[in-house]
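Heads up, the thing below is written out as structure tokens.
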Amino acid sequence: MRILAIESSCDETAAAVIEDGRKIISSVINTQVAEHGLYGGVVPEIASRRHTENIVGVAEKALGDAGMELSEVDAFGVTAAPGLIGALLVGVNFAKGLSLATGKPLVPVHHLRSHIAANYLAHPELEPPFLCLVVSGGHSHIVEVSDYTKFKILGKTRDDAAGEAFDKAARAMGLPYPGGVFLDKEAAKGDPKAYKLPKPKVEGCPLDMSFSGLKTAVVNILHNAKQRGEEVNIPDLCASYQNVICHALVDRLMLAAEEGGYKTVVAAGGVSANSGLRALLERECKRRHLRLFVPPLELCGDNAAMVGSQAYYEAKEGHFADLSLNARPTMPIDEDF
Ligand code: KG4
Ligand code: ZN
């Protein structure tokens, strides 16, 4: 089964052709990161406009690179939730149009499910069940993936997502957008023990996370230093901050793995590109003899290849949509469309 997949949930317009959920035939990503960088973050209205301008060309290129005609596509997969509503609507309406024109089925895909599926493209041996750390700009979840379309949230952030925490602290430090990427680079040059930061925890809920207090601690360090006319060592602050976030994520994931008796652990989402997180996951999984899978860097961020992978497994379960499909800005990962 060959699926043409469309992704437009945030600031990447992407299309891909995926075969049987596992093989990338083509994948095209048009990123708006430079334009949003001018404003220090994603401007939703600009994102929607750029998706509208670019989506036809991106989809045509994905088909062209695959050497296919539209009529050869077996189904259309599209990210329908969660994300920026105006951005999602561009992809959803485009995919609805393709489905209507060709008579081929339409498969709505949950964005976080697709981030997890990025691992199926890179690791042919990976199959559920497994435990997954899903960390993106908008979400931080510890999820039990019992089957390709069966999910249970075991732990989540109570406030900021990990990516958001990286981005907000980076912005306060004057680093460019997207902050997480630049903070990671600075952290590589710093000492993770240089600054004492609070360990984020949620009383009574050992698998839940909270990052907003940690971010405030960084803002206070910056503010106090400025008032005293002192220099802040940015690489040291980045390394210390990254270290606390990564430990908060990995400690909880390891606890969940132990409690649930999981043998396989997976990471997914934009923040899974973080070098500190990848190193810590590797170390802690090795220590416990857990199999670890992380996406290759090119599949960590938003792309349509992962959407095509998840769409295949949703289609196998008969999870199709008709033309009444609507985009949703929020939606839990364990809910079906
Ligand atoms: O999954 P994603 O591409 O988009 C969403 O679904 O949100 O995740 C984007 C997030 C941003 O917050 C970005 O700063 C963060 O992932 N990110 C990183 C790194 N690369 C991307 N955070 C920390 N270290 C990185 N290397
Ligand atoms: Zn994403």
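The values are calculated or read from the model by the stated rules, or taken from the named source; none is laboratory data. Computed from a prediction, not measured in an experiment: that's the story for all the values here. Backbone-built Cβ (ideal geometry, glycine too); neighbour counts: all protein chains shown. These area figures cover heavy atoms from the full protein model, side chains too; ligands, DNA and RNA do not enter into them. Shrake-Rupley method; radii C 1.70, N 1.55, O 1.52, S 1.80 Å.
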If we count every other residue with Cβ under 14 angstrom of I29's Cβ, Lys/Arg +1 and Asp/Glu -1, where does the sum land? -4
Centroid-to-centroid separation of region 55-122 and region 244-274 [C-alpha atoms, Å]: 29 Å
Per residue, how much accessible area does region 1-130 show when a 1.4 Å probe rolls over the protein heavy atoms, in square angstrom? 37 Å²
Cα centroids of region 2-33 and region 199-229: how far apart, whole angstrom? 36 Å
With the 1.4 Å probe rolled over protein heavy atoms, region 222-297 has an accessible area per residue in Å² of 48 Å²
Prolate/oblate/rounded label for region 111-243 (Cα gyration tensor, a/c 1.5): prolate
Using Cα positions and a limit of under 17 Å, work out the aspartates and glutamates in reach of K263, with same-chain residues fewer than 8 apart set aside. E125, E127, E144, D147, D251, E282, E284
Run the reach check for K215 against lysines, Cα to Cα strictly under 19 Å, same-chain hits fewer than 8 apart removed. What comes back? K156, K168, K185, K193, K196, K199, K201, K226
Carbon and sulfur atoms: what percent of the 1.4 Å accessible area of the chain do they account for? 52 percent
Charge dipole of region 220-337 built from unit charges on the beta carbon (Lys, Arg +1; Asp, Glu -1), centred at mean Cα; most positive-end Cα among A268, L299, L253 is L253
Would you please classify the overall shape of region 23-159 from the alpha carbon gyration tensor, given that a ≥ b ≥ c denote the square roots of the eigenvalues, rounded means a/c under 1.5, and beyond that prolate means a/b larger than b/c while oblate covers the rest? oblate
Local electrostatic count, G179, Cβ distance below 13 Å [Lys/Arg +1, Asp/Glu -1]: -1
Taking the chain as a Gaussian network, Cα atoms linked when under 10 Å apart, which of M173, M306, M68 shows the biggest mean-square fluctuation? M68
With R₀ set to 41 angstrom, the calculated FRET efficiency between the beta-carbons of M1 and E53, to the nearest 0.05, is 0.85
